[in-house]
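Accompanying notes for the structure given below.
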Amino acid sequence: MPVEPARGPILVQRLLIIIFCFVLLLIPHAQAVELFAGGNISLNSPVDDDVFAAGDSLTINAPVESVVFAGGELVVNAPVSGDILAAGGRITVNAAVEGKIVAAGGAIEMNGTAKNLVAAGGEITIQPTAVITRDAVISGQRVVNAGTVSRNLTVRAQEFENTGSAGRVDYQEPEGLDALHEVMSILRILMILGFLVLGIVLLKLFPAQFMGVVAEVRRSPLRNTAVGLGLIIVSAIAIFVLAITVVGFPLAAVMGMLFIIALMLSGIFVSFALGKTLSDALTVKLNDLLIFLIGFVILALLFHIPVAGMLIGFVALSLGFGSIVYAVHNNWQRITAPRP
């Protein structure tokens, strides 16, 4: 079978673009979902809706529509009629997937069937029983193909073992900075998927608090951006000063954790506000989950625009941080009020 070289940056860009496209393909299914969050989750009866889950592990032993997962381990032992989008330590697919699989994790093992496979991780294995009816795009440390890829198999890995079959193989081993770039790309993909699921969990479990921050984002974006920028600078300086006094180190540690959490959540609230603004402008009535998914994908794509993406990310960070501070300030009495 023909094996052709591939340019590293092109493969990474292709991988990111395909992932964003697949997230967009999941959006039409977001009108009805089942949300699961916790430790070890096991689905032993059929779920007619799409499954969104975050936890230590998710085991699917009964048919589901589609799966979006972020956590430790995902095991799919039953048919999936749609797509799988997963980020975790270990991902194993043992059943038929009628749609696509987009996976990022430490170890990914494919034993079933799927239309397309996009995978990034440490060790990725396509077992002899696996069949990809269209294309596979894979980036990892070690990749093994012992199965069947009907059309194109694109691989970027330090080690590649191909004892299976593919219509066309496109492979290159990364070297030097390319290898580091591949690792960073995998981590970036994991972070993107993780924030997607985190936003969905927060929206479903804490809708009132979530909408309170979003309301602040939309109420005065210019003010909140300016205030957020100033508070980020002042907070970073205050935490540093407290930390070097030794006596203030415990307080600095607590403040630092809250500071980091607020920064991490900033983009999530801005994503929803962006999706809501677009839906209002187009006079389209959508549910909250669909609004968040649209805003998240658009904002994530904007972040990847050369040069401008960095500025957009900085503005989104400042806007979200300032809005969180205003939301907490405006509800401080209710938050700290003693329970009856």
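The values are calculated or read from the model by the stated rules, or taken from the named source; none is laboratory data. Model, not experiment: these values are computed from the prediction. So basically every Cβ, Gly included, is an ideal-geometry build from the backbone, and we count neighbours across all protein chains shown.
Data table
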{"quantity": "Identity of the residue in segment 207-222, assigned to a helix (DSSP H, G or I) and not aliphatic (A, V, I, L, M), that ends up nearest to SER318 (Cα to Cα)", "calculated": "PRO221"}
{"quantity": "Test: ILE312 is modelled with pLDDT of 80 or more, under 21 Å from the mean Cα position of the chain (by Cα), farther than 23 Å from ALA262 by Cβ and surrounded by 11 or more Cβ atoms within 10 Å (Cβ to Cβ)", "calculated": "no"}
{"quantity": "Of all residues in segment 278-303 being in a helix (DSSP H, G or I) and free of Cβ contacts under 8 Å to residues at least 24 places away in the same chain, the one that is surrounded by the fewest Cβ atoms within 10 Å (Cβ to Cβ)", "calculated": "ALA281"}
{"quantity": "Subset of segment 251-262 (residues that are closer than 16 Å to LEU198 by Cβ and either surrounded by 13 or more Cβ atoms within 10 Å (Cβ to Cβ) or of a type in the set (Lys, Arg) (or both))", "calculated": "ALA262"}
{"quantity": "Scan of segment 123-159 for residues that are under 18 Å from the mean Cα position of the chain (by Cα) and free of Cβ contacts under 8 Å to residues at least 40 places away in the same chain, ordered by number", "calculated": "ILE138"}
{"quantity": "Residue within segment 81-97 that is surrounded by fewer than 20 Cβ atoms within 10 Å (Cβ to Cβ), among the hydrophobic types (A, V, I, L, M, F, W, C) and farther than 19 Å from LEU35 by Cβ present", "calculated": "yes"}
{"quantity": "Sole exception among (1) surrounded by 11 or more Cβ atoms within 10 Å (Cβ to Cβ); (2) outside any helix (DSSP H, G or I); (3) not acidic (Asp, Glu) for GLY275, by number", "calculated": "(2)"}
{"quantity": "Qualifying residue in segment 44-58 (condition: touching a Leu at 6+ places or on another chain (Cβ under 9 Å), at pLDDT 70 or above and surrounded by fewer than 21 Cβ atoms within 10 Å (Cβ to Cβ))", "calculated": "yes"}
{"quantity": "Members of segment 159-180 that are modelled with pLDDT under 85 and surrounded by 14 or more Cβ atoms within 10 Å (Cβ to Cβ)", "calculated": "GLN172, GLU173, PRO174, ASP178, ALA179"}
{"quantity": "Hits in segment 235-263 (condition: assigned to a helix (DSSP H, G or I) and touching a Leu at 6+ places or on another chain (Cβ under 6 Å))", "calculated": "LEU242, LEU251, ALA252"}
{"quantity": "Flag if ALA62 is assigned by TED's automatic domain parsing to the domain that holds VAL118, in a loop (DSSP other than H, G, I, E, B) and either at pLDDT below 75 or over 19 Å from the mean Cα position of the chain (by Cα) (or both)", "calculated": "yes"}
{"quantity": "Odd one out for PRO306 among (1) touching a Ser or Thr at 6+ places or on another chain (Cβ under 8 Å); (2) surrounded by fewer than 19 Cβ atoms within 10 Å (Cβ to Cβ)", "calculated": "(1)"}
{"quantity": "Selection status of LEU265, modelled with pLDDT of 85 or more, assigned by TED's automatic domain parsing to the domain that holds GLY230 and crowded, with 18+ Cβ neighbours inside 10 Å", "calculated": "yes"}
